[in-house]
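Remarks on the structure that follows.
Here, each number is a calculation from the coordinates, and none is a lab measurement. Because the structure is a prediction, the values reported are computed rather than measured. Cβ: placed from backbone, ideal geometry, glycine included. Neighbour counts: every protein chain shown.
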Amino acid sequence: MKTRSDGLTFISLYHFFAGLLNLLAMCGILTIPATMGIAAIATVQNDPNTAAITGIIGFLGLICSGVFVLLAVANVAVGWGLWKLRPWARTGALALAVLRLLNFPLGTLIGALIIWYLLREDVKAEFDAASGTELVQSNG
């Protein structure tokens, strides 16, 4: 049976939680296009420019909600992969951590800690051991 370190368990659970938050954000943002669509229908008779602006805002809301869906799927997939000690999940978690660096200040701190932890040699060895690959030590 594979055992994962407490740090990987925590990072995996964090990714599941981040995926849930992304889905909640998507639901919140998805209400904007619906609201703007209703507002556009109501105002199209009075002011065509306002209707165009509300349509643009609604379209941007759809795009943003799509981004949140992609982030949610990525977070849940990486969380599952880390839980199962899949080597690809380590790479995915590093990529998501780099994206988190842009979310100042809390995301920067979380992203930096995840990057630091996942780049440690003992964590790399944990993934290698789970996949059946042994690290070859060079003495030269």
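In sequence order, what are the phi-derived ³J(HN,Hα) couplings for segment 62-67 according to the Karplus relation 6.51 cos²θ - 1.76 cosθ + 1.60 with θ = phi - 60°, rounded to whole Hz, with x for glycine and proline?
3J(HN,Hα) across segment 62-67, in whole Hz: 5, 5, 5, 5, x, 5.
Go through segment 83-96 residue by residue and turn each phi into a ³J(HN,Hα) via Karplus (6.51, -1.76, 1.60, θ = phi - 60°); whole Hz please, and just put x for glycine and proline.
4, 8, 6, 7, x, 5, 5, 4, 5, x, 5, 5, 5, 5
Using a Förster distance of 35 Å, how high is the FRET efficiency between residue 3 and residue 101, based on the Cβ-Cβ distance and rounded to 0.05?
Efficiency for this residue pair is about 0.75.
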